[in-house]
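A short write-up of the structure that comes next.
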């Protein structure tokens, strides 16, 4: 069975922060879980590198846009390596292959007809208030005191020729596919949001005269691709579409696009419309999660509260960082990160919890020279409960199930006091089932904490079980 999962491609005008890391770790956990269950997985992430915002950011650093993009894309790759992300491909929208494929997609759209017999894309005048920060035109209604509410800047009045995508001819088809879950949007609150947005969207611009840093349209050299076709099509160009269809035929349609709420409209409305216009199947599902706040405050550079994932990795280690990000919040909800809770959670669950239990059990086994033989995949009931939570994107609850198992083991040790028992057979009766439970937990923990799980599995399946080194030193 195949499984194709994506994160959004992240915009290179900024360095990766904890919000980007969260989505990418979630994708990685799902990819690893599916691989462990025998799926052939393709996990995609990458960077979105065109547009006037990138050109402006490059200019501010006296660099060419390409050099600027190369440097930031490299930072993303290194950060993801530091978090042990197992993506199968990292796409960049400045990749030669991607650029060529986007041009071919534009030609397909230009030659296409809508279900109502109109041209899919057409040229027209566009005038409006353009916010460079958002890279989009804003309506008067969206402004606060004449300014963009996100960037506190007055947008500039622009008038130019653009190509438009005729979204108006696709709205009813999209509405029907979302409503009957043929195109599934999760959680349900986001599905309802997408359905209500359909009443307010119109044909959208797919090219710009005024953007210097972009892909030239194959049929009009005065126009450069504007974000939507270029960025959204990464999900299919990464699989070779339309020039090399081997991977595409194997993995499309995507099983799940993961993203944060700010790009809901483009993924739930623009993207399916483009796919229908290309005659391609729609994504099976999209999962949209809320934003992070930091100690109750919106995250932002101006507030100085942006958290770099590397800071967490250097303080807690990679596996602990992954655990801390996924165990504290329900995926999908808006989440408030309380940084002061991280050490508390780390010590309680990892240093004094999992780490301490592994150390206690292996010390007792080694000290008493017990011969214990246990096998992986022993607890089908535990796996079934765990898999059910994972299938529903309830990562926090999947982890709670495993930690409840660890607590049971701790309680048995406290109640039976094995360190006082001298009879080896009696000791074995207590410690063998606990070691088996630990192995079962480690087995299921692999997608979340791959290195830690591997260490525990190696220790417990060795011919001679030896005392484990501290997995999580106390902070």
query: Just wondering, is there one or more residues in the stretch 396-407 that are within 30 Å of residue 30 (Cα to Cα), out of contact with any helix residue (DSSP H, G or I) (no Cβ under 6 Å at 6 or more places or on another chain) and at pLDDT below 95?
result: no
query: Among the candidates 433, 447, which residue alone is buried (at least 21 other Cβ atoms within 10 Å of the Cβ) and touching a helix residue (DSSP H, G or I) at 6+ places or on another chain (Cβ under 9 Å)?
result: 447
message: For the stretch 38-57, give me the residue count where each residue is out of contact with any strand residue (DSSP E or B) (no Cβ under 9 Å at 6 or more places or on another chain) and touching a residue at least 60 places away in the same chain (Cβ under 8 Å).
response: 2
- request: Inspect all residues belonging to the stretch 194-214 and state whether any of them is outside any helix (DSSP H, G or I), within 26 Å of the chain's Cα centre (by Cα), within 20 Å of residue 49 (Cβ to Cβ) and in contact (Cβ under 8 Å) with a residue 40 or more places away in the chain.
  value: yes
field: Identity of the residue in the stretch 2-31, part of a strand (DSSP E or B) and within 11 Å of the chain's Cα centre (by Cα), that ends up surrounded by the fewest Cβ atoms within 10 Å (Cβ to Cβ)
entry: 10
query: Among the residues of the stretch 137-179, how many are within 26 Å of residue 11 (Cα to Cα), in contact (Cβ under 8 Å) with a residue 60 or more places away in the chain and out of contact with any strand residue (DSSP E or B) (no Cβ under 7 Å at 6 or more places or on another chain)?
result: 0
field: Unmet criterion (only one of (1) in a loop (DSSP other than H, G, I, E, B); (2) out of contact with any helix residue (DSSP H, G or I) (no Cβ under 6 Å at 6 or more places or on another chain)) for residue 242
entry: (2)
- prompt: residue 464 fails exactly one of the following numbered conditions: (1) surrounded by 14 or more Cβ atoms within 10 Å (Cβ to Cβ); (2) at negative phi. What is the number of that condition?
  reply: (1)
query: If you go through the stretch 329-374 one residue at a time, how many are closer than 13 Å to residue 439 by Cα, touching a helix residue (DSSP H, G or I) at 6+ places or on another chain (Cβ under 8 Å) and surrounded by fewer than 16 Cβ atoms within 10 Å (Cβ to Cβ)?
result: 0
- prompt: Are there any pairs, at least 6 apart or on different chains, whose C-beta atoms fall under 9 Å, with the first in the stretch 447-461 and closer than 15 Å to residue 377 by Cα and the second at pLDDT 95 or above and not in a helix (DSSP H, G or I), and if so, which?
  reply: 453/446; 453/447; 454/446; 456/471; 457/446
field: Leading residue by the ranking (nearest to the chain's Cα centre (by Cα)) among those in the stretch 152-182 that are assigned to a loop (DSSP other than H, G, I, E, B) and closer than 14 Å to residue 274 by Cα
entry: 170
Given (1) touching a strand residue (DSSP E or B) at 6+ places or on another chain (Cβ under 8 Å); (2) part of a helix (DSSP H, G or I), number of the condition residue 91 does not satisfy: (2)
message: Restricting to the stretch 94-114, give me the number of residues that are more than 28 Å from residue 262 (Cα to Cα), assigned to a loop (DSSP other than H, G, I, E, B) and free of Cβ contacts under 8 Å to residues at least 60 places away in the same chain.
response: 1
- prompt: Which numbered condition trips up residue 34, out of (1) within 21 Å of residue 135 (Cβ to Cβ); (2) surrounded by 21 or more Cβ atoms within 10 Å (Cβ to Cβ)?
  reply: (1)
query: Is it fair to say residue 212 is in contact with a strand residue (DSSP E or B) (Cβ under 8 Å, 6 or more places away or on another chain) and loosely packed, with under 14 Cβ neighbours inside 10 Å?
result: yes
field: Hey, residue 135 more than 23 Å from residue 279 (Cβ to Cβ), surrounded by 15 or more Cβ atoms within 10 Å (Cβ to Cβ), modelled with pLDDT of 95 or more and within 27 Å of the chain's Cα centre (by Cα) or not
entry: no
query: Could we say that residue 220 is modelled with pLDDT of 95 or more and over 23 Å from the mean Cα position of the chain (by Cα) here?
result: yes
- prompt: In the stretch 81-90, how many residues are more than 20 Å from residue 239 (Cβ to Cβ) and under 14 Å from the mean Cα position of the chain (by Cα)?
  reply: 2
- prompt: What number of residues in the stretch 233-249 are under 14 Å from residue 92 (Cα atoms) and either at pLDDT below 95 or touching a strand residue (DSSP E or B) at 6+ places or on another chain (Cβ under 9 Å) (or both)?
  reply: 5
message: I'd like to check something: does the stretch 411-425 contain any residue that is within 35 Å of the chain's Cα centre (by Cα) and surrounded by fewer than 21 Cβ atoms within 10 Å (Cβ to Cβ)?
response: no
query: Considering the stretch 215-224 alone, what residues qualify as being surrounded by 19 or more Cβ atoms within 10 Å (Cβ to Cβ) and either out of contact with any strand residue (DSSP E or B) (no Cβ under 8 Å at 6 or more places or on another chain) or under 17 Å from residue 132 (Cβ atoms) (or both)?
result: 224
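The values are calculated or read from the model by the stated rules, or taken from the named source; none is laboratory data. These numbers come from a predicted model, not from an experiment. Backbone-built Cβ (ideal geometry, glycine too); neighbour counts: all protein chains shown.
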